[in-house]
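*Asks:* Dumping the structure here so I can ask a few things about it.
The values are calculated or read from the model by the stated rules, or taken from the named source; none is laboratory data. What you see is a predicted model, and the numbers here were worked out from it, not measured in a lab. Here Cβ is always computed from backbone atoms with ideal geometry, including for glycine, and neighbour counts include all displayed protein chains. Quick note on the areas: whole protein, heavy atoms, side chains included, nothing else; ligands and nucleic acids left out. Shrake-Rupley method; radii C 1.70, N 1.55, O 1.52, S 1.80 Å.
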Amino acid sequence: MVQIVVVGGGPAGMMAAGQAAKTGAKVVLLERNSRLGKKLAITGKGRGNITNAADIEDMIRQYPGNRSFLYGPLYRFTNEDLRRFFRDLGVATVIERGGRVFPESQRAQDIVAALEKFLINHNVKIKKESRVTALLMNGSSVQGVKCNGEIVPADAVIIATGGVSYPATGSTGDGYTLAKQAGHTIVTPQPALVPLETKERWVRDVTGVALKNVRAKLYVNEQLVAEEFGEMLFTHYGISGPIILTISRQAVMALSQGKQVQVKLNLKPALTAEQLDARLLRDFNKNIRKQFKNSLNDLLPQRLIGTMIKLSQIPPETPVNQITKEQRQAMLKALTELTLHIKSVRPLSEAIVTAGGVAVTEIQPTTMASKLVTGLYFAGEIIDIDGNTGGYNLQAAFSTGFVAGISAAKQE
Ligand SMILES: Cc1cc2nc3c(=O)[nH]c(=O)nc-3n(C[C@H](O)[C@H](O)[C@H](O)COP(=O)(O)OP(=O)(O)OC[C@H]3O[C@@H](n4cnc5c(N)ncnc54)[C@H](O)[C@@H]3O)c2cc1C
């Protein structure tokens, strides 16, 4: 019987371990934490956006990081397969806005529990508080790992230790050290899906304000390079939320090249300039006896009003009936071209995903096997792949885990 060691009990490692055992291997799963799936349990704000219902071709476009490498795994274990897999384990899923798939219970922890059940069903030996520090090699073959100072022999080792973001969840980059030991190239880890820090300090005044239907445009050296529509959030340092995370990739790249980065927000993208002007006029007419500062309650969330008034530079006490056309235009501009100058991105530790990792050119895309070392496999975020928000990163972890587990068990 093939003996397999899986390093890391995140989504990729759990899927790999269970599939390898189901295929007939004897599997030990080593996880450094005292529980499995610590990061998985906090995904999707604790609701677990495990995949996306998009068809596979559309899905593949959502991986800016090495999408062609993912063709094989995503076709071999699709989003539909993943939903069926969890349904069979008793976890029904639902599709929400933007095709995002969540467990019906809205609890990511139920996904973790289902995976644990899958491991137990197939007799995977789960060893928690077990940190792997080295690979055991014999020439160009792997022979096992060193864990908590002891030797664990194996015919195959699957490294599924994740990236380096959110290190408190256990992903601290150990896998990169193991991969380097085996001679693999590590493409420099970079933050992907990361909040942006702005030069404008007024964002502090609106910390925590979340907006639903916003259009964000990212400009690099005044050229439009990315555009997203959806939800965003103001934070004490700048901006975050799904659409900001999605456009952050280009910001990371541009800032590292010393380029100028700006985000322009349109807070009312559903309206044309004329429609918005008419809307403002309507609101002003309704509040004709009030001061400007008391006329925007229907237009904006309460907490944003003070800041938008400051940005429009219209004195807040101005009687509404004295607001000039030019002032209205200034307000329109503030609403539709709210400009933020990006000074930096938040550190890698705060990124949702790590771009970079084990070079895809050194991994067989059909098996996840190392091209350099016999018996060594990779799965999940440790590989130099990354996707957009919307469930794509977990799907990639599950699909690569699925392929790695079966291939390692068959010694492909
Ligand atoms: C806040 C947050 C929210 C997210 N939300 C979503 C979402 O809704 N949808 C989505 O698709 N993606 C989401 N992601 C991204 C997604 O969670 C990751 O891409 C995914 O967890 C990667 O899976 P993985 O198994 O490769 O790595 P991880 O989940 O990082 O698991 C790696 C495991 O390996 C263990 N490990 C590390 N080193 C060792 C060692 N030396 N020995 C033993 N064990 C070790 C770690 O403790 C960890 O348990 C989110 C990420 C964050 C941070």
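*Asks:* My understanding is that a pair violates if its Cα-Cα distance is over 25 Å; which of Lys199/Lys259; Lys268/Lys290; Lys38/Lys146; Lys217/Lys343; Lys264/Lys286; Lys117/Lys410 do that in this structure?
*Replies:* Going by Cα-Cα distance, Lys264/Lys286 fall outside the 25 Å limit.
*Asks:* While we're here: How much accessible surface does Val209 have with a 1.4 Å probe, in Å² rounded to 10?
*Replies:* In the full protein context, Val209 sits at about 10 Å².
*Asks:* Right, another one. Using DSSP to call loops (not H, G, I, E or B), can you name the GluC sites (Glu not before Pro) in region 201-240 whose Cβ has at most 16 other Cβ atoms within 10 angstrom?
*Replies:* Glu222
*Asks:* Are there GluC sites (Glu not before Pro) in region 232-327 that DSSP marks as loop and that have at most 15 other Cβ atoms within 10 Å, and which are they? Walk me through the intermediate numbers first.
*Replies:* Working: sites: Glu274, Glu317, Glu326; in loops: Glu317.
Qualifying residues, ordered by number: Glu317.
*Asks:* Sticking with this one: Using Cα positions and a limit of under 12 Å, work out the aspartates and glutamates in reach of Lys325, with same-chain residues fewer than 8 apart set aside.
*Replies:* Within the straight-line limit of under 12 Å, Lys325 reaches these aspartates and glutamates: Asp277.
*Asks:* Something else about it: May I ask you to list the aspartates and glutamates whose Cα is less than 18 Å away from that of Lys22, ignoring any residue fewer than eight positions away on the same chain?
*Replies:* Asp81, Asp88, Glu116, Asp155, Glu412
*Asks:* Calculate how large, on average over all directions, the projected area of the Cα convex hull of region 195-345 is; give the answer in nm² to one decimal.
*Replies:* Numbers: hull surface 33.1 nm².
Taking a quarter of the hull surface, the average projection is 8.3 nm².
*Asks:* Sketch the reach of a paramagnetic label on Gln291 as a point 7 Å from Cα along Cα-to-Cβ, and name the residues of region 304-320 whose backbone nitrogen lies under 14 Å away.
*Replies:* 306, 309-310, 314-320
*Asks:* Whenever you get a sec, line up Lys217, Lys117 from highest to lowest accessible area (probe 1.4 Å, protein heavy atoms). Walk me through the numbers on the way to the answer.
*Replies:* Working: Lys217 65, Lys117 95 Å².
So, going from the largest accessible area down, we get Lys117, Lys217.
*Asks:* Using the basic label-point model (7 angstrom from Cα toward the beta carbon), what is the Thr188 to Arg97 distance in nanometres?
*Replies:* Roughly 3.7 nm, to one decimal.
*Asks:* Continuing with the same structure: To the nearest 10 degrees, how steep is helix 302-312 against the longest Cα principal axis of the chain, on a 0 to 90 scale?
*Replies:* The answer is roughly 60 degrees.
*Asks:* Follow-up. Using a Debye calculation, one point per C-alpha and no hydration shell, please list log10 I(q)/I(0) for region 118-158 at q = 0.16, 0.23, 0.35 Å⁻¹ in order.
*Replies:* The calculated log intensity ratios at q = 0.16, 0.23, 0.35 Å⁻¹ are -0.47, -0.81, -1.15.
*Asks:* What is the helix-to-structure angle for 11-22, meaning the angle in degrees between its Cα long axis and the longest Cα principal axis of the chain, kept from 0 to 90 and rounded to the nearest 10?
*Replies:* The two axes meet at around 30 degrees.
*Asks:* Then there's this: Scan around Ala226 for amide H atoms under 5 Å from its own, H built in the peptide plane at 1.01 Å from N, and keep only partners 5 or more places away or cross-chain.
*Replies:* Amide H neighbours of Ala226: Leu218.
*Asks:* Report, by chain and number, residues whose modeled amide H sits under 5 Å from the one on Gly238, excluding near sequence neighbours (fewer than 5 apart, same chain).
*Replies:* Thr198
*Asks:* Oh, and also: Please report, as a whole percent, how much of the solvent-accessible surface of the chain comes from carbon and sulfur atoms (probe radius 1.4 Å).
*Replies:* Accessible surface attributable to carbon and sulfur in the chain totals 49 percent.
*Asks:* Quick one: which residues, 5+ away or cross-chain, put their amide H under 5 Å from the amide H of Arg100? H built at 1.01 Å from N.
*Replies:* Ala53
*Asks:* Moving on. What list of ³J(HN,Hα) values in whole Hz, one per residue of region 70-78 in order, does the Karplus curve 6.51 cos²θ - 1.76 cosθ + 1.60 (θ = phi - 60°) give from phi, with Gly and Pro shown as x?
*Replies:* 8, 3, x, x, 6, 7, 6, 9, 7
*Asks:* Solvent-accessible area per residue for the chain at a 1.4 Å probe radius, Å²?
*Replies:* Accessible area per residue: 43 Å².
*Asks:* Turning to a different aspect of this structure: Only loop residues by DSSP count here, and only those with at most 11 other Cβ atoms within 10 Å; note down the chymotrypsin sites (Phe, Trp or Tyr not before Pro) in region 72-142 that meet that. Show your work: numbers first, answer last.
*Replies:* Details: sites: Tyr75, Phe77, Phe85, Phe86, Phe118; in loops: Phe77.
The qualifying sites: there are none.
*Asks:* Given the options Ile50, Ile288, Ile126, which has the most mean-square fluctuation in a GNM of the chain, springs set between C-alpha atoms less than 10 angstrom apart?
*Replies:* Ranking Ile50, Ile288, Ile126 by mean-square fluctuation puts Ile288 first.
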